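Reading through the structure tokens given below for one structure.
Please treat every number below as a calculation from the coordinates, not as lab data. Just so we're clear, the structure is a prediction, and the values are computed from it rather than from any experiment. Please note: Cβ atoms are built from the backbone with ideal geometry, for glycine as well, and neighbour counts cover all protein chains shown.
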């Protein structure tokens with residue numbers, strides 16, 4: 001057991017970096033694993049390489065602000081493993097330890113750990129609409145990844161459709177890099193603002209965040225980007241790839257425009273694939289319309305020794321993620337006996353106060369950007385599970401035969417390569433609607449291993465000793 | 001549920017909504033009985049939904065052959081039974097020998113079968129093996145083949161048996177586990193989580209939990225548990241038609257209609273019977289991947305998409321328990337299929353219905369008596 005690390009942190013975004021550095025500062029052995037070639041997560045992706053470049057400048061001050069966290073991690077003495085996927089997580093059989101199965105360019109490997117901290121962040125909310133699977137329809141998040149990692153921006157004017165801060169930020173960044181926007185189809189329901197207003201006073205405590213959003217809108221207006229408000233329905237069509245986009249404002253008539261590239265985004269949800277696969281308990285978060293793992297005050301899940309920090313614990317943004325990472329690190333130190341209960345509590349107190357402040361604008365933002373109902377009730381012919389090509393109609397017809405897991409057997413929805421990452425929420429919502437229930441009651445797919453595809457040849461050559469039963 | 005609730009009367013209650021429970025319920029209902037079926041979770045939740053769905057007489061224990069061959073005939077007319085083909089294809093089953101010693105073992109087995117009058121298995125040489133399985137590794141020297149064998153689609157089979165059972169009048173209670181059992185006059189009262197059912201005949205088809213149910217009726221059965229792991233891969237171009245196993249390794253390997261490869265063979269995962277949960281153990285599963293890539297080197301680059309393990313009961317001699325309870329009148333057991341029960345589904349249902357109607361059966365089920373296991377327990 002001499003090679004064992006005490007803690008494996010999965011994900012090198014704001015939460016994972018803060019937690020790893022904090023753990024190391026308490027003389028805890030820690031390995032930080034991330035799929036990307038460098039630290040930063042989604043928000044600070046490729047930050048080190050983009051520093052002092054035109055792309056880095058266009059990405060703005062929030063992006064540049066990640067440099068300190070990245071530098072702190074580099075200097076922390078943590079073992080860092082980039083370009084490394086966690087393809088499976090298992091609890092050790094006889095003891096309370098974990099087996100973290102890794103995949104790198106060199107092959108498969110397994111890292112034993114007493115504690116695992118998941119800092120996998122968020123994923124974009126699945127958003128099926130007619131034609132969403134056509135080439136030429138891309139998520140805003142994916143477009144931003146291309147911008148950050150390869151400095152790529154679309155050559156032609158793009159249509160952007162969606163809601164939430166990310167489309168606004170992306171469009172601002174795109175304009176700064178000389179990109180062109182054909183129009184922004186804002187899908188935020190007009191009524192959301194009324195529902196959000198009662199939360200505004202509390203949100204003003206974080207007025208800097210709100211000002212950012214207003215600033216982005218100003219940039220769009222200055223650049224004369226056409227904005228269509230309160231778009232309720234979107235459809236993409238074309239024979240082999242996107243040719244036209246049809247949108248319908250609430251209560252208005254449908255408009256069809258030619259388009260080569262449509263970027264879509266309807267907010268983000270916690271990445272729950274791993275915690276679901278590990279059988280952790282989850283709660284339905286009505287305010288954010290998503291499931292999130294049930295956590296104690298330190299970020300520990302219902303599975304002992306498995307922690308979550310960052311947006312994977314509930315959407316809160318980069319600063320909240322960093323603070324949750326700090327708190328989880330202290331909780332883990334306490335669990336490992338490096339800190340007493342009192343010490344941990346004392347040291348966590350300022351982070352907890354700061355977290356409360358960082359989360360202050362959330363009720364306002366969650367209400368303002370509450371997803372429009374059409375996302376969860378796509379037209380009958382819309383493909384919901386793109387891996388197995390299952391339509392909304394097929395799901396609804398099978399409703400009543402059981403929950404999401406029985407539905408797999410009837411429709412094959414969720415059984416393809418993405419393992420329900422794309423259709424899980426839509427299936428739960430469609431079932432809930434058919435059964436007059438809520439997604440929280442209907443539940444989610446059971447997630448089956450592995451977490452990432454590995455080949456038969458890779459598994460056959462996995463060099464790990466078989467535990468003696 | 002409180003004792004004040006009204007009990008629902010049936011001629012027979014089947015406990016367990018796997019394929020054996022559905023098949024028994026279907027046959028009982030067709031013989032004219034009013035049947036209720038209690039399933040704690042949902043239809044096909046455990047072994048039946050997790051099955052590789054091999055329809056195989058190849059390599060089966062000799063004691064099972066009489067009923068297995070009858071079941072094979074029923075599979076060949078499965079549409080006549082459940083009005084659906086269940087995704088059953090007759091592409092044969094092949095057990096591959098990787099060396100001359102293994103091949104000699106397969107020959108001995110076929111000779112033994114011939115001596116007993118069975119002709120469903122044959123031994124083929126390396127050339128015929130390559131003809132049947134073009135991508136097989138060059139070192140393989142021959143195989144045993146059962147050409148009328150094949151495989152079905154487990155989910156389709158579940159749906160077909162469920163539909164047929166319901167059409168025959170079976171009432172299915174899902175999410176309804178049995179809590180207590182009592183004997184009332186000439187019938188049994190089963191108190192389940194959402195209903196109370198009474199019937200003179202009770203069928204125990206409770207799979208991995210059948211030992212516990214048997215205990216409620218006073219039958220002590222030493223039962224083990226199997227949690228056999230299965231791998232399904234991404235889709236690949238047509239690769240093999242027959243179902244492939246291996247004389248010297250734990251492997252079952254087939255390609256589904258969808259193009260995915262389904263790989264199992266009995267490598268065991270971990271389980272928690274109380275929580276009704278299985279856990280995949282990838283270090284153990286490595287052996288299945290090694291077996292698959294040893295026989296089919298060209299699948300090394302194929303990605304595994306999903307892995308799971310089903311839960312079912314296994315007996316000490318790996319033969320099922322089929323027949324009346326020695327202790328409890330009217331109780332009929334059908335469990336302990338030990339990893340090879342899928343093919344027996346049609347015939348066991350028929351046997352149970354026959355036993356319920358007449359108290360006896362013309363089929364050879366003596367080797368499957370529960371007493372054989374209980375005796376061993378007492379001797380030990």
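So what's the gap between the Cα centers of segment A:9-58 and segment A:366-443, to the nearest angstrom?
A separation of 34 Å, based on Cα centres.
Roughly how tilted is helix A:207-222, in degrees to the nearest 10 and between 0 and 90, from the longest Cα axis of chain A?
40
Using only Cα atoms, locate the centre of segment A:325-344 and the centre of segment A:178-219, then give the distance between them in Å, rounded to an integer.
Centre-to-centre distance over Cα atoms comes out at 37 Å.
Arrange the following residues from fewest to most other Cβ atoms within 10 Å of their Cβ: A:284, B:188.
A:284, B:188
When the helix-only estimate is applied to chain B (DSSP H runs of n ≥ 4, each -39,500 (n - 2.57), divided by the residue count), what is the mean residue ellipticity at 222 nm, nearest 500 deg cm²/dmol?
Here the helix-only value at 222 nm equals -9000 deg cm²/dmol.
What does the helix-only formula give at 222 nm for chain A: each DSSP H stretch with n ≥ 4 adding -39500 (n - 2.57), the total divided by the residues, and the result rounded to the nearest 500 deg cm²/dmol?
Calculated mean residue ellipticity at 222 nm is -10000 deg cm²/dmol.
Of the peptides B:220-226, B:74-80, B:230-236, how do they stack up when ordered by the mean number of other Cβ atoms within 10 Å, highest first?
Packing order, densest peptide first, comes out as B:230-236, B:220-226, B:74-80.
Output the relative contact order of segment A:126-266, whole-number percent, from Cα pairs under 8 angstrom with separation of 6+ residues.
Reported as a whole number, the value is 37 percent.
Count the DSSP beta bridges whose two residues both fall in the protein assembly as shown, then state the antiparallel fraction as a percent rounded to the nearest 5.
60
Taking every residue in A:442-450, how many Cβ atoms of other protein chains lie within 10 Å of its Cβ, on average?
The mean count of partner-chain Cβ atoms within 10 Å per residue comes to 3.
Nearest 0.05, what FRET efficiency do residue A:79 and residue A:379 give at R0 = 51 Å with Cβ-Cβ as r?
For residue A:79 and residue A:379, the calculated efficiency is 0.55.
Working from Cα positions, state the angle (0 to 90°, nearest 10) between the long axis of helix B:65-76 and the longest principal axis of chain B.
90
What fraction of the DSSP beta bridges in segment A:126-266 is antiparallel, stated in percent and rounded to the nearest 5?
Bridges in segment A:126-266 are about 40 percent antiparallel.
For segment B:5-33 and segment B:110-141, write down the distance between their C-alpha centroids in whole Å.
Rounded to whole Å, the Cα centres lie 41 Å apart.
For segment A:126-266, count all C-alpha to C-alpha pairs, find those more than 28 Å apart, and express that count as a whole percent of the total.
19
What ranking do A:283, B:257 get, fewest neighbouring Cβ atoms within 10 angstrom at the top?
Fewest-to-most Cβ neighbours within 10 Å comes out as B:257, A:283.
Looking at chain A only, what percent of DSSP beta bridges run antiparallel? Nearest 5 please.
Of all bridge pairs located within chain A, approximately 50 percent are antiparallel.
Mind sorting A:239, A:428, A:340, B:51 by how few other Cβ atoms lie within 10 Å of their own Cβ, fewest first?
Ascending Cβ contact count within 10 Å gives the list A:239, A:340, A:428, B:51.
State the extension gain, in nm to one decimal, for the chain segment bounded by residue B:5 and residue B:85, taking 0.36 nm per residue of separation less the distance between their alpha-carbons.
24.7 nm
Give, in nm to one decimal, the length gained when the segment between residue B:127 and residue B:163 is fully stretched (0.36 nm per residue of separation minus the Cα-Cα distance).
This chain segment gains 8.6 nm when fully extended.
Once the piece of chain linking residue A:340 and residue A:190 is laid out straight, how much longer is it, given 0.36 nm per residue of separation minus the C-alpha distance between them?
49.0 nm
Can you pull the mean other chain C-beta count within 10 Å for peptide B:37-44?
2
Which distance in nm do the two modelled labels at residue B:236 and residue B:185 give, with both placed 7 Å along the Cα-to-Cβ direction?
The two pseudo-label positions are separated by 6.3 nm.
If I fit a long axis through the Cα atoms of helix A:140-150 and take the longest principal axis of the Cα atoms of chain A, what angle between them do I get, 0 to 90°, rounded to 10?
Approximately 60 degrees, to the nearest ten.
Pop the C-beta distance of residue A:104 and residue B:284 into the FRET formula with R0 = 25 Å and round what comes out to the nearest 0.05.
Computed FRET efficiency for residue A:104 and residue B:284: 0.65.
With r defined as the distance between the Cβ atoms of residue B:73 and residue A:217 and R0 fixed at 56 Å, what FRET efficiency is calculated, to the nearest 0.05?
0.15
For chain B, what relative contact order do you get, as a whole percent, if you take Cα pairs closer than 8 Å and at least 6 residues apart?
24
For labels at residue A:145 and residue A:57 in the simple 7 Å Cα→Cβ model, what's the distance in nm?
2.8
Can you tell me how the protein assembly as shown classifies by the Cα gyration tensor, rounded, prolate or oblate, using a/c under 1.5 as the rounded cut?
Taking the square roots of the gyration eigenvalues as a ≥ b ≥ c, the protein assembly as shown is prolate.
Within 10 Å of each Cβ in B:276-285, how many Cβ atoms from other chains are there, averaged over the peptide?
What the average comes to for B:276-285 is 5.
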